[in-house]
Amino acid sequence: MERCYRGIVSSCLLLLVIAAPLFQPVRAEPFPSLMLSFQAITNNSSSSVADGQANLHMEVIDLGSNQARFRFTNDSAFSSLTDVYFDDGTLLGISHIASSSGVSFSQGASPPNLPGGNAMSPKFETTQGFLADSNPPVSPNGVHQGEWLAIDFQLLPGKTFLDLIDSLALPSGGEWLRVGLHVQSFAGGFSESFVNGSEFNYVTSAIPEPGEHALLLAGLVLLAAMARRQRM
């Protein structure tokens, strides 16, 4: 009989060893990056609106150490991204600005608020200090096809990269973050303003299936029962 119990216990232990990798705690892994599109808030030209919405992109990258990078690209052959504005959210302040060859940006911008932003509901109101634009000559130093601009931010104390993602997704608790772009030199000499859209592209960690949880629970119950009977 004792040999039988030992065999059952050994089988349970083997089951748990085999299944253990399936039941590791699901950790809240940071998103390595997040890609967003932009929607026009002005309409000076339907062709420039379509051009910007198809070709403007922002990648949000977790830099660790409570910092995040906003990396902007412009795939259009007919425009120049010249101004970037940030409205509230989980950001503390700009820590660094970098760019590819041919792009030159500095903190601060003229105009000081996103053109067309006042017509939005709620209004786009640039947070003090959360803006940057291209240095003179403005359009040549902006972001063109094949170029990029990166603006790094320190996050507010106690805030994480996941909080930043939440603030970009939906308005919540007064921490809604909007990013605005002013783009010039479209075909015909038009300019337009854009604000980040809702098209996200990211992958979350997998969560164990309910059946796997049931298998683990059954093994633990059986093991506990066998251990009790051995003590009797």
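The values are calculated or read from the model by the stated rules, or taken from the named source; none is laboratory data. Predicted, not measured: the structure shown is a model, and the values here were computed from it. Here Cβ is always computed from backbone atoms with ideal geometry, including for glycine, and neighbour counts include all displayed protein chains. Side chains included, ligands, DNA and RNA excluded: accessible areas come from the protein's heavy atoms. Shrake-Rupley method; radii C 1.70, N 1.55, O 1.52, S 1.80 Å.
Largest first, the residues Met35, Met120, Met58 sort by 1.4 Å accessible area into Met35, Met120, Met58. Compared with the direct C-alpha span, the chain from Ser106 to Glu125 gains 4.9 nm at full extension, assuming 0.36 nm per residue. Solvent-accessible area of segment 71-171 (1.4 angstrom probe, protein heavy atoms only): carbon and sulfur portion equals 54 percent. Among residues other than Ser76 with Cβ under 14 Å from its Cβ, the summed charge is -4 (Lys and Arg +1, Asp and Glu -1). Put Lys159, Lys123 in order of accessible area, highest first, and with a 1.4 Å probe you get Lys123, Lys159.
Using the Cβ-Cβ distance between His96 and Ser46 with R0 = 25 Å, the FRET efficiency computed as 1/(1 + (r/R0)^6) comes to roughly 0.10.
To the nearest 10, the accessible area of Glu59 is 40 Å² with a 1.4 Å probe.
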